[in-house]
Amino acid sequence: MSAVGALGVAGATVGCASAAGRSGAGAGAGLPSTAAAHAHEGLMTFIGSYTSSQPAGRGVEIAMRAMNGVLAPSGTLDGVADASFFAWSPDHEFLYVTNEQPQGSITAIDVSTHEPRIINTAPSGGNAPTHLSVHPTGEYVLTAHYGDGTVAVHRRNPDGGIGENTALVQHPGAEPHAHQVLVDPSGKWVVTVDLGADSVFVHAFDAGELTQHQQLALPAGTGPRHLVFKGTTAYLLAELNSTITVLGWDPEAGNLTAGQVISSRAPEAAGENFPAEIAITRDGRFVYATNRGDDTVAVFSVDNGALTFQSATPTGGNWPRHCALDPEETSLFVANQRAGTITRLARDAETGALTPTPDSYACPSVAAITFHG
């Protein structure tokens, strides 16, 4: 790794620039003045991007989010290729990253000292890992591979690094594309979403082994991508038909049941659209979904589990691949892959409404963002 970066991040070099618009900081290299004043007391933020894309991203970079919401560059962790998704350990002291390449790998990062360092990178076991999560026990890392429709399990070593592979399961179907793997709220089951198989799978999990328990088949052409849980309800975002399906979840039986289906788009939207990420507030009152094509974030209110469309807010960028609420849930940060920007939408906690801000952080081929909060 390289030398210490601008804000003292170990093993880092200076990363992408921030543009804060009318907030008092200009675009370009270096720390914006409004963010620099808060940088050391700010919130550490990790940004993933595609190093193999054109323009090339930087892999994993670190920014500091100031109290006013502005992101300021802090450093880049060298040697992390095509960083497309993040997952935290339960104690938030370790961060795991997918390296989305044909010979896939995953990288472990130690954040426990607030001086991030790479622990190790290990083969993921499949083609193009696109999502990963950490089991709530902290013992295992689970990885979904878009390229070949497989899901892998690895042990976590005592130092937080990636350990031995304990399971590798193949989704059925002619062209499976596993896009997500996560553990249900009860901690008993592993749920995987497969865009190519038009299915959500439920797996029993025991000592690092996966056993398929249920395949919830969706209509052909749905293209499910990501889901979020809230208690005994899950919200499933579909990339190919721009819908959200409300799923009932029975943790005792380990079964999902499809219910309400609602469009992810505004009624007036037209043309091609490919939704990418879905998020839910901690109180479960609002759901957000990014629309690539419309370049919006759709806002839904939740009433007894059901969704009602409220609005669609422009992201201020092109191709919003990922979004993340900050820990205070006062803002939604959107990674606009083709624009190479992360934009901030201010959030009204009472109504759930999003409002564009001038805050924009430049990062080529950006894929994902997460906060150390």
Give me the strands (runs of 3 or more DSSP E) completely within segment 318-373, filtered to those with at least 1 residues that are under 18 Å from PHE85 (Cβ atoms) and open to solvent by less than 10 Å² (accessible area, probe 1.4 Å), ordered by residue number. 320-325, 331-336, 341-347, 366-371
THR315 is checked against (1) on the phi > 0 side of the Ramachandran plot; (2) crowded, with 23+ Cβ neighbours inside 10 Å and fails just one. What number does that condition carry? (1)
Would you pick out the residues in segment 219-242 that are small (Gly, Ala, Ser), buried (at least 20 other Cβ atoms within 10 Å of the Cβ) and touching an Asp or Glu at 6+ places or on another chain (Cβ under 8 Å)? GLY223
Taking segment 190-230 and keeping only residues that are among the charged types (D, E, K, R) and closer than 15 Å to PRO176 by Cβ, one is left with ASP194, ASP198, ARG225
Taking the conditions exactly as written (touching a residue at least 40 places away in the same chain (Cβ under 8 Å), farther than 20 Å from ALA83 by Cβ and outside any strand (DSSP E or B)), does THR166 satisfy them or not? no
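Would you confirm, using the coordinates I've provided, whether ALA12 is surrounded by 20 or more Cβ atoms within 10 Å (Cβ to Cβ), of a type in the set (Gly, Ala, Ser) and at pLDDT below 50?
Working: surrounded by 20 or more Cβ atoms within 10 Å (Cβ to Cβ): yes; of a type in the set (Gly, Ala, Ser): yes; at pLDDT below 50: yes.
Judged against the criteria, ALA12 is a match.
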Would it be correct to say that SER242 is among the hydroxyl-bearing types (Ser, Thr, Tyr), over 20 Å from the mean Cα position of the chain (by Cα) and closer than 24 Å to THR296 by Cβ? no
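Hey, among the residues in segment 195-229 that are in a strand (DSSP E or B) and in contact (Cβ under 8 Å) with a residue 60 or more places away in the chain, which one's farthest from GLY284 (Cα to Cα)?
Looking at the filtered set, the residue picked out is PHE205.
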Only one of VAL141, VAL134, VAL191, VAL183 is surrounded by 16 or more Cβ atoms within 10 Å (Cβ to Cβ), under 22 Å from ASN241 (Cβ atoms) and under 18 Å from the mean Cα position of the chain (by Cα). Can you tell me which? VAL191
Hey, does segment 303-310 have a residue that's within 25 Å of SER49 (Cβ to Cβ) and either in contact with a strand residue (DSSP E or B) (Cβ under 9 Å, 6 or more places away or on another chain) or among the polar types (S, T, N, Q) (or both)? no
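Which ones in segment 110-131 are open to solvent by less than 60 Å² (accessible area, probe 1.4 Å) and not small (Gly, Ala, Ser)?
Scanning segment 110-131 gives ASP110, VAL111, PRO116, ILE118, ILE119, ASN120, ASN127, PRO129, THR130, HIS131.
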Subset of segment 278-295 (residues that are open to solvent by 20 Å² or more (accessible area, probe 1.4 Å) and either within 13 Å of LEU345 (Cβ to Cβ) or free of Cβ contacts under 8 Å to residues at least 40 places away in the same chain (or both)): ASP283, GLY293, ASP294, ASP295
THR107 - would you say it is of a type in the set (Ser, Thr, Tyr), in contact with a His (Cβ under 9 Å, 6 or more places away or on another chain) and either crowded, with 18+ Cβ neighbours inside 10 Å or part of a strand (DSSP E or B) (or both)? no
Inspect all residues belonging to segment 78-94 and state whether any of them is open to solvent by 30 Å² or more (accessible area, probe 1.4 Å), in contact with a Leu (Cβ under 6 Å, 6 or more places away or on another chain), modelled with pLDDT of 95 or more and not in a strand (DSSP E or B). no
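The values are calculated or read from the model by the stated rules, or taken from the named source; none is laboratory data. A quick note: this is a predicted structure, and the numbers were derived from the prediction, not measured. Using ideal geometry, Cβ is built from the backbone for each residue, glycine included, and neighbour counts are taken over all protein chains shown. SASA here: full protein model, heavy atoms, side chains in, ligands and nucleic acids out. Shrake-Rupley method; radii C 1.70, N 1.55, O 1.52, S 1.80 Å.
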